[in-house]
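Structure record follows, encoded as structure tokens.
Readers should treat all values here as calculations from the given coordinates under stated rules, not as data from a laboratory. Quantities reported herein were computed from a predicted structural model and do not represent experimental measurements. Cβ sites come from the backbone with ideal geometry, for glycine too, and all protein chains shown count toward neighbours.
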Amino acid sequence: MTPSLRRLPAVLVVDDEVRSQEALRRTLEEDFEVFCASSAREGMDILEREQPSAAIRIVLCDQRMPGTTGVEFLKDVRLRWPDMVRIILSGYTDAEDIITGVNEAGIWQYLLKPWQPEQLLLTLQRAAEVWRLQQENQRLSLDLRTAEPVLKKRVETKQEKAWTSFGLGALIRAPGSPLEVVCALVHRVAPYDLSVMVTGESGTGKEMFARAIHYESRRADKPFITENCGALPDSLLESELFGYKRGAFTGAVEDRVGLFQQADGGTLFLDEIGETSPAFQVKLLRALQEGEFRPLGSSRSVNVDVRVIAATNRDLEEDVRTGRFREDLYYRLATISLHVPPLRERPMDLPLLARRLLESSARSLDKAIDGFSDEALAGLAAYQWPGNVRELQNEILRMVALADTAKLDADLLSPRLLGAKAVAVASAHESVVDGLSGGLRERMEQLEQRVLQQAMLRHRGNKSRAARELGLSRVGLRAKLVRYGLETAE
């Protein structure tokens, strides 16, 4: 419908004086569709007759009328059509009438005679807007009630997705891995609001374990906030964690909520806690002990409910002995200690980790990669990974970026890994000839004897298969076995 054809909002005027009705009509008729009634009974008849089609939004009623009052009439209107905006027009300033009208009839405005046309028109325009907002509010409330099951389902789905991505199920480990012991400890301590200290070398995934603790706890639906304590000087770290008030220092142009407040009800993860100074450690200890802190520039303390998980790659016990780290803070943070072993101590996890990291790298670079060749996987396994999982992730991302085939081959390995593979091959060869004695001929015969023995063991004495592997005829193999006393001439 075009604006020119849109129906005007309707108003019912109830006044026993005809001249007053006409004056009100002339004032309102350009902006409203006006219905007039000379009594409460006539006004009620108009509402019952016109309301389904006219959608009367406002009732403007004189207070003094024969047989009843405007307040009494509007009380009846309120019972039957509570959405209508009700306005009283009166030449008397009776406080009792005003109080009764507001309390019992739900009067929105009380206007006094003689009224000013501009003021009256403005009041009714505002009343029409109030009616519109009431309808919009009811519609939104209905939408919210209708959407509640949908929203609840979405929240549950996101929570389940977060648990899948960050819970114990996201921690990759093979059967027999040292991580199984660590994961069992996470499962046991996660439900309790105890501080946890996660230790381990850089790149081992300490933050992953901190997230797993959070998502396995009763705080899983609350925030998980992280801060790298080694990345900021004390002054900035304090303002980040505790927040500040406007004007607390140069550049503080507005209030800022600190990470402790943002994590209220949830978990705050403090990475590289060992890099903080003793001066800052005092402030952090007070916040942990009291459960409250004071933002910079504020005179009032803030109470929070936060579980703190800290992580470090340093030997904090040694730092405590040398006085670099406060002993009381250490024991406050390390109620539970959890050590993440380096990747070189869990080689059984490497194939699983490599395949998972390959999937994510291929997805991020939008490349179709099927997997690793045996030689590439062997090259990954031969390396010691001083940078742990983070270094492995970067290596695989590099291989995927350079790959032009569907399978990652050993030639894509970085130079440091190719060097490690060569050393591993050389070491394997050294182990084969280790223990041989005599001149070259004697050593070659001893080596040939070992190769024959291993081939026979692999094939469980089946000469045909062993001969095929070694490139010999069955007769030639048997002759060598006899020669070295591995089989009798018979």
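Each peptide in 311-323, 68-80 receives the mean, over its residues, of other Cβ atoms within 10 Å, and ordering these scores from highest gives 68-80, 311-323. Between Asn103, Thr68, Ser38, the Cα set farthest toward the positive side of the dipole of the chain (charges on each charged residue's Cβ, about the Cα centre) is that of Asn103.
The magnitude of the dipole of the chain, with charges of +1 and -1 set on the Cβ of Lys/Arg and Asp/Glu and taken from the Cα centre, is near 2320 debye. Using the Cβ-Cβ distance between Arg321 and Leu194 with R0 set to 25 Å, the FRET efficiency works out to roughly 0.55. Once the Cα-Cα distance is subtracted from the 0.36 nm per residue extended length, the Thr226 to Arg139 segment shows a gain of 27.3 nm. The sum of -39500 (n - 2.57) across all DSSP H runs of n ≥ 4, divided by the residue count of the chain, sets its helix-only mean residue ellipticity at 222 nm to -16500 deg cm²/dmol. Computed from the C-beta positions of Thr335 and Phe249, the FRET efficiency with R₀ = 56 Å rounds to 0.95. Please work out the Cα center distance from segment 231-273 to segment 322-378, rounded to the nearest Å. Centre-to-centre (Cα) distance: 29 Å.
The DSSP beta bridges internal to segment 3-135 are antiparallel in roughly 10% of cases. For the residue pair Val282 and Val475, what label-to-label distance in nm results when each label sits 7 Å from Cα along the Cα-to-beta-carbon direction? A separation of 9.4 nm, rounded to one decimal place. By DSSP, the beta bridges lying fully in the chain are antiparallel in about 10 percent of cases.
Quick one: grab the alpha carbon gyration tensor of segment 3-135, order the square roots of its eigenvalues as a ≥ b ≥ c, and give me rounded if a/c is under 1.5, else prolate or oblate depending on whether a/b is larger than b/c. Rounded is the answer for segment 3-135, as its axis ratio a/c remains below 1.5.
Protection proxy ranking, highest mean first, for peptides 11-24, 287-300, 197-210: 197-210, 11-24, 287-300, where packing is the per-residue count of other beta-carbon atoms within 10 Å, averaged. Taking 0.36 nm per residue of sequence separation and removing the Cα-Cα distance, the Met208/Arg450 pair yields an extension gain of 82.4 nm.
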